[in-house]
Amino acid sequence: MKQGTVRVIVLVLVAALVLGGIGIAIAGLSSGSGSDGSPEDAARTVPAPTTTPAPGAQDAPRPALARFYEQGLDWQACGDQECTRLTVPLDYAEPGGETIEIAVLRVPAQDPDARIGSLVVNPGGPGAPGTTYAAQAGLAFGDRLLERYDLVGFDPRGTGFSAAVDCVSDEQLDVFLAADPSPDDREEAAALEQAQRAFNAGCAAESGDLANHVTTVEAAMDMDVLRSALGESTLAYFGASYGTKLGATYAELFPDRAGRLVLDGAVDLSLTPRQQALGQAEGFETALRAYVEDCVAQAGCPLGDSVEGGLQRLTDFLDQVDAEPLPAGERELAVGNAFYGIVTPLYNREYWFLLSRALGAAFGGDGVPLLQLADAYASRGPDGYTDNSAEAILAINCLDDPTAVDPADVPTQVPAFERVSPTFGEVFAWGLAGCLGVESEATVETPEVDASGAPPIVVVGTTRDPATPYAWAEALADQLESGVLLTRDGDGHTGYHSGNACVDDAIEGYLLDGTVPEDGLTC
């Protein structure tokens, strides 16, 4: 599953770590971070961004990159926001070679006189367009941040309007996402393997050399060029979900340029793909159970009146749709779509009601609402896909780590996954084969991250987060030399702007005033 972008997806729907897999752990509240949680932590401050860059702020790491670091940005009106393009090298090892353009969108500070700089934001995915995230800043961020920061979103290389990777046609992508994510027999397993290999080979065939240069490391390098072009001495950054991996990687590569960094819905960078998949399987099972408990306690719940009965009803429903897809307007709801439709609202407790309505309709034979939820997950509109996030997520993840389990070995993995997730375990086990047939090859190494020398980095975890389990936030805070752990006790994916004033105050206090929260603060 996606590590995170669904906050943006659901905002669009109502007004998003497949971790090397098919499309896509709850721990205690004890803190674990690179600092000791002493009272002095709360007294530390991190300098604010600057409206005028300090001397040397636009110096390039290497002379050959100077033309990129010294570029200006030509902002143009685009709706109520401002848009521009940033030029970066396709391959940082060959800065004199081919270049690509990065799409950037800015929401200017509402109080220009109180402006303290630019806050670069990323919604995760990987693959979600950051320009969309910034454009929805009024829904995703608090008023205090909007008043004093320019909110700046960019589409990471390979995504959105930034040299987007292409792997398959829209029609092929429809078939790919509708397929059974947990094959029932050898024939289905062979079909899934063939589709996975064709998808991954298609990324290289359709995108060429670009497919070799969409790593997280290269996106982090682009962020430093963006920082320089914005005229910032240090980077102020808010990254959600996969955006925490991107932000932590930036801090590792450019610790002296890291400013006020908040990493919300953290990814544990030390895990193997199998460990990541197990964590997400358990996380989504926990979230599903929480949803069912809430549903059956209310009148009219389509799942009945008991938790175990409701979970069984869902399992039976998926089996029924696998055997015979439901009509959904001019399309049909296949089992793959049904799976994505069920998990999408689990990212945010506020949208559980959408799942109840969709299930009620589906149980009555109407697959449209559940298909709409699945489409929201994949950024598919009535007339086709609105961005390439469903393709970019695999292209980026499999370039960062191409590890894949042979389909013949997946059944041996299933028992471990079903122990942590009776409902979804088999799906996540099959996700381990997601990078089969990858032909692209990264040209940069993925560093081990501790961000030594960076100022305090605030890492946010939510105790019942399905996509990035709380234990991951504990781990990342511990891995970062200056990590400071902030905990939201609650449901849903990510902690900021989720109805918890304590969390919001701590994050906004850090971004606005530089006041570092107490390490281990639980809200």
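The values are calculated or read from the model by the stated rules, or taken from the named source; none is laboratory data. This structure is a prediction, so every number in the text was calculated from the model and none was measured. With ideal geometry, Cβ positions are generated from the backbone for all residues, glycine too; neighbour counts draw on all protein chains shown.
Numbers for the structure displayed
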| item | result |
| --- | --- |
| Considering residues of region 242-259 that are touching a Gly at 6+ places or on another chain (Cβ under 7 Å) and either in a helix (DSSP H, G or I) or among the hydroxyl-bearing types (Ser, Thr, Tyr) (or both) only, the residue surrounded by the fewest Cβ atoms within 10 Å (Cβ to Cβ) | 246 |
| Inter-residue pairs, beta-carbon under 7 Å, first in the same structural domain as residue 492 (by TED's automatic domain parsing) and surrounded by 24 or more Cβ atoms within 10 Å (Cβ to Cβ) and in region 462-482, second assigned to a loop (DSSP other than H, G, I, E, B) and among the basic types (Lys, Arg), 6+ apart | 467/2 |
| Index of the failed condition, residue 427 passing every other in (1) of a type outside the set (Phe, Trp, Tyr); (2) assigned by TED's automatic domain parsing to the domain that holds residue 256; (3) outside any loop (DSSP other than H, G, I, E, B) | (2) |
| Residues satisfying the stated conditions in region 488-502, i.e. surrounded by 24 or more Cβ atoms within 10 Å (Cβ to Cβ) and part of a strand (DSSP E or B) | 488 |
| Residues of region 194-218 satisfying the condition of being charged (D, E, K, R) and surrounded by fewer than 19 Cβ atoms within 10 Å (Cβ to Cβ) | 197, 206, 209 |
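Conditions tested, residue by residue: (1) of a type in the set (Phe, Trp, Tyr); (2) within 22 Å of the chain's Cα centre (by Cα); (3) modelled with pLDDT of 95 or more.
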{"site": "427", "(1), (2), (3)": "no, yes, no"}
{"site": "433", "(1), (2), (3)": "no, yes, no"}
{"site": "445", "(1), (2), (3)": "no, yes, no"}
{"site": "454", "(1), (2), (3)": "no, no, yes"}
{"site": "459", "(1), (2), (3)": "no, yes, yes"}
{"site": "467", "(1), (2), (3)": "no, yes, no"}
{"site": "479", "(1), (2), (3)": "no, yes, yes"}
{"site": "485", "(1), (2), (3)": "no, yes, yes"}
